[in-house]
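Enquirer: Dropping a structure here in structure tokens format, bear with me for questions.
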Amino acid sequence: MKIRNNDKVMIISGKDKSKVGKVVKILKDKNKVLVEGLNKVKKHVKPNPYKQEQGGIQDKEAPVDVSNVKVICDACTNPTKVGYRFTEDGKKIRYCRKCDENF
Ligand SMILES: [Zn+2]
């Protein structure tokens, strides 16, 4: 998985196409990510007296398949492909394939 928490990503398909948001959760086993404020679905919620929640319809983010998002590079602010390379001391780091900056 090349995407990490707090990465900025752009959704490249579906109703939120071209929208940008922050990754708030990674679902590794499903190969999906949760993007803050995007890919919202309506969810019916039953009233829960124990949590003092009212029933009704809530907007909730649904996970997006990683193949449908692109990471936005901090340096060049473009949606980009993430590459991997190793530093001199053997640390694996990510870099932007567009502008070559590490991030
Ligand atoms: Zn870049």
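Enquirer: Go through (1) on the phi > 0 side of the Ramachandran plot; (2) surrounded by fewer than 17 Cβ atoms within 10 Å (Cβ to Cβ) one by one and return the number of the condition Pro49 breaks.
Expert: With (1) on the phi > 0 side of the Ramachandran plot; (2) surrounded by fewer than 17 Cβ atoms within 10 Å (Cβ to Cβ) applied to Pro49, the lone miss is (1).
Enquirer: Given the criteria under 10 Å from the mean Cα position of the chain (by Cα) and loosely packed, with under 11 Cβ neighbours inside 10 Å, does Asn6 qualify?
Expert: Values: under 10 Å from the mean Cα position of the chain (by Cα): yes; loosely packed, with under 11 Cβ neighbours inside 10 Å: yes.
So Asn6 fits the description; yes.
Enquirer: Quick test of your reading of the structure: Gly14 fulfils all but one of (1) touching a residue at least 40 places away in the same chain (Cβ under 8 Å); (2) touching a helix residue (DSSP H, G or I) at 6+ places or on another chain (Cβ under 9 Å); (3) under 30 Å from Lys92 (Cα atoms). Name the failing condition by number.
Expert: Failing condition for Gly14: (3).
Enquirer: Taking the residues in the stretch 81-96 that are exposed (fewer than 11 other Cβ atoms within 10 Å of the Cβ) and at negative phi as candidates, determine which candidate is farthest from the ligand (Cβ to nearest atom).
Expert: Step one: list which residues in the stretch 81-96 are exposed (fewer than 11 other Cβ atoms within 10 Å of the Cβ), which gives 84, 86-92.
Add one more test, that the residue is at negative phi, and what stays is 84, 86-89, 91-92.
Values: Tyr84: 15, Phe86: 19, Thr87: 18, Glu88: 22, Asp89: 23, Lys91: 19, Lys92: 18 Å.
For the stretch 81-96, the residue satisfying everything is Asp89.
Enquirer: Consider Glu61 carefully, then state whether it is surrounded by 12 or more Cβ atoms within 10 Å (Cβ to Cβ), within 16 Å of the ligand (Cβ to nearest atom), closer than 20 Å to Asn6 by Cβ and of a type in the set (Asp, Glu). I'd like the intermediate steps shown before the answer.
Expert: Working: surrounded by 12 or more Cβ atoms within 10 Å (Cβ to Cβ): yes; within 16 Å of the ligand (Cβ to nearest atom): no; closer than 20 Å to Asn6 by Cβ: yes; of a type in the set (Asp, Glu): yes.
No, not satisfied.
Enquirer: A follow-up question, please. Please work out if Val41 is among the β-branched types (Val, Ile, Thr), within 20 Å of Asn5 (Cα to Cα) and either part of a loop (DSSP other than H, G, I, E, B) or within 21 Å of the chain's Cα centre (by Cα) (or both).
Expert: On the way: among the β-branched types (Val, Ile, Thr): yes; within 20 Å of Asn5 (Cα to Cα): no; either part of a loop (DSSP other than H, G, I, E, B) or within 21 Å of the chain's Cα centre (by Cα) (or both): yes.
The answer is no for Val41.
Enquirer: Counting only residues that are in contact with a Gly (Cβ under 9 Å, 6 or more places away or on another chain) and farther than 18 Å from Asp16 by Cα, how many does the stretch 42-94 have?
Expert: Number satisfying all stated conditions: 6.
Enquirer: I want to confirm something. Restricting to the stretch 30-77 and keeping residues that are without any contact (Cβ under 8 Å) to a residue 40 or more places away in the chain and polar (S, T, N, Q), which single residue is nearest to Lys98 (Cα to Cα)? Let's see the steps before the verdict.
Expert: We begin by selecting, within the stretch 30-77, every residue without any contact (Cβ under 8 Å) to a residue 40 or more places away in the chain; these are 30-63, 65, 67, 73, 75-77.
Going one step further and asking which of them are polar (S, T, N, Q), we end up with 31, 39, 48, 52, 54, 58, 67, 77.
Values: Asn31: 24, Asn39: 26, Asn48: 49, Gln52: 49, Gln54: 47, Gln58: 39, Ser67: 18, Thr77: 10 Å.
Top of the filtered list is Thr77.
Each reported figure results from applying straightforward, stated rules to the coordinates on display, with no laboratory input. Computed from a predicted model, the values in this text were never measured in an experiment. Note that we place each Cβ from the backbone using ideal geometry, even for glycine, and neighbour counts take in every protein chain shown.
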